[in-house]
Amino acid sequence: MTDIEVTVGSLQDLEDPGCREFSIGDGDWPFKGFVVRQGRNVYAYQNFCVHVGHPLNWAPDSFLTKDRRQIICASHGAVYEIESGLCVAGPCRGKELRRVECEIRDGIIYARGPASA
Ligand code: FES
């Protein structure tokens with residue numbers, strides 16, 4: 001399947017650190033992901049917790065711990081590193097979120113992935 005690039009938004013509109021959800025493709029099962037901004041870097045992952053496959057968030061664009069230093073799954077509290085997607089605490093410790101290609105061009109964040117989950 002060919003990957004598709006989508007525009008996620010402007011880097012300067014994102015809090016630092018902050019997150020923004022995106023989806024790729026139409027229909028009932030689009031690919032869902034999110035980006036995390038940390039300074040001038042962005043990281044992107046599939047919105048799929050490796051514990052039992054729930055979406056990581058319950059509220060829109062809300063993926064971070066209270067201190068905003070890590071990603072947390074709202075279902076059972078798995079905690080992941082922002083930079084690597086590695087689970088460092090919780091029920092799936094040692095596993096990793098699926099990374100999604102992303103880059104910043106002219107201040108705009110782009111993500112690239114499959115057109116369906
Ligand atoms: S589904 Fe994420 S911690 Fe259980």
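Out of all the residues in the stretch 28-39, which are in contact (Cβ under 8 Å) with a residue 24 or more places away in the chain and more than 16 Å from the ligand (Cβ to nearest atom)? Trp29, Pro30, Phe31, Val35, Val36, Arg37, Gln38 - these are the residues of the stretch 28-39 that are in contact (Cβ under 8 Å) with a residue 24 or more places away in the chain and more than 16 Å from the ligand (Cβ to nearest atom). Per the listing Gly90, Gly53, Gly94, the residue uniquely open to solvent by less than 50 Å² (accessible area, probe 1.4 Å), more than 23 Å from Gly25 (Cβ to Cβ) and not hydrophobic (A, V, I, L, M, F, W, C) is Gly90. Taking each residue of the stretch 87-104 that is over 11 Å from Phe48 (Cβ atoms) and looking for partners that are within 13 Å of the ligand (Cβ to nearest atom) and open to solvent by 40 Å² or more (accessible area, probe 1.4 Å) with beta-carbon atoms closer than 6 Å, six or more apart or interchain, yields Cys87/Arg93; Cys87/Lys95; Pro91/His51; Pro91/His76; Cys92/His51. Tell me yes or no: at least one residue of the stretch 69-89 is among the hydrophobic types (A, V, I, L, M, F, W, C), under 21 Å from Ala115 (Cα atoms), touching a Phe, Trp or Tyr at 6+ places or on another chain (Cβ under 6 Å) and at pLDDT 95 or above. Within the stretch 69-89, none of the residues are among the hydrophobic types (A, V, I, L, M, F, W, C), under 21 Å from Ala115 (Cα atoms), touching a Phe, Trp or Tyr at 6+ places or on another chain (Cβ under 6 Å) and at pLDDT 95 or above. Taking every residue in the stretch 6-17 that is within 16 Å of Cys102 (Cα to Cα) and pairing it with any residue that is in a strand (DSSP E or B) and of a type in the set (Phe, Trp, Tyr), at least 6 positions away or on another chain, the pairs with Cβ-Cβ distances below 8 Å are Val6/Phe22; Val6/Tyr110; Thr7/Tyr110; Val8/Phe22; Val8/Tyr110.
Taken together, the residues in the stretch 49-83 that are part of a loop (DSSP other than H, G, I, E, B) and more than 9 Å from the ligand (Cβ to nearest atom) amount to 14.
A search for C-beta distances below 6 Å between a residue of the stretch 51-67 that is closer than 14 Å to Tyr80 by Cβ and β-branched (Val, Ile, Thr) and any residue that is buried (at least 18 other Cβ atoms within 10 Å of the Cβ) and at pLDDT 95 or above, counting only pairs 6+ apart in sequence or on different chains, returns Thr65/Ile72.
The values are calculated or read from the model by the stated rules, or taken from the named source; none is laboratory data. Fair warning: this is a prediction, and the values are worked out from it, not measured in the lab. Backbone-built Cβ (ideal geometry, glycine too); neighbour counts: all protein chains shown. These accessible areas exclude ligands, DNA and RNA; they are computed on the full protein's heavy atoms, side chains included. Shrake-Rupley method; radii C 1.70, N 1.55, O 1.52, S 1.80 Å.
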